[in-house]
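Heads up: the structure comes next, in structure tokens.
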Amino acid sequence: MKLDVIKERDDYIEILVKGEDQSVLDAVSEVLQKMQGVEYAGHSLLHPLTGEVRFIVKTRSQEFKARDILLRALEELADMTERLRSQVEQL
């Protein structure tokens, strides 16, 4: 996977994602959409042949920094994945 930051402000980050399936970004978007301060989180496939995806996070105010919230969402998703792994191992 390759990431390139296209545009960034305190309340906005736009990242170009190459070489990753959209389902991973779906999960990140879902976690972000439930977080306080997030106005928008989503992605779009730019072209099916290149596989490049634009991922955007927009927060409501300057007190919620888009990069920080994205990192927090990734940590939360990692925790959820670890809990799921633990429960599956107990089956």
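Of the candidates Leu84, Leu74, Leu91, Leu46, the single residue that is within 12 Å of the chain's Cα centre (by Cα) and hydrophobic (A, V, I, L, M, F, W, C) is Leu74. Pairs meeting the criteria (first residue in the stretch 60-87 and touching a residue at least 40 places away in the same chain (Cβ under 8 Å) and more than 13 Å from Ser29 (Cα to Cα), second residue loosely packed, with under 10 Cβ neighbours inside 10 Å and not aromatic (Phe, Trp, Tyr), beta carbons under 9 Å, at least 6 apart or on different chains) are Arg60/Gln36; Phe64/Gln36.
Return yes when Glu52 is over 13 Å from Tyr12 (Cα atoms), loosely packed, with under 14 Cβ neighbours inside 10 Å and of a type outside the set (Ser, Thr, Tyr) and no when it is not. So Glu52 fails the test. Taken over the stretch 68-91, the residue count meeting the criterion of being more than 16 Å from Gln36 (Cβ to Cβ) and in a helix (DSSP H, G or I) is 14. Annotation note: of Glu89, Glu76, the sole residue that is out of contact with any strand residue (DSSP E or B) (no Cβ under 7 Å at 6 or more places or on another chain), acidic (Asp, Glu) and surrounded by 12 or more Cβ atoms within 10 Å (Cβ to Cβ) is Glu76. Output the residues belonging to the stretch 45-58 that are more than 17 Å from Lys2 (Cβ to Cβ) and at pLDDT below 95. The answer is Pro48, and nothing else. Tallying residues that are farther than 14 Å from Leu71 by Cα and of a type in the set (Val, Ile, Thr) within the stretch 6-39 yields 3. Number of residues in the stretch 7-38 that are surrounded by 13 or more Cβ atoms within 10 Å (Cβ to Cβ), part of a strand (DSSP E or B) and either modelled with pLDDT of 95 or more or aliphatic (A, V, I, L, M) (or both) equals 8.
The values are calculated or read from the model by the stated rules, or taken from the named source; none is laboratory data. From a predicted model like this one, the values you see are computed outputs, not experimental measurements. For neighbour counting, all protein chains shown are included, and Cβ atoms are generated from backbone atoms with ideal geometry for every residue, glycine included.
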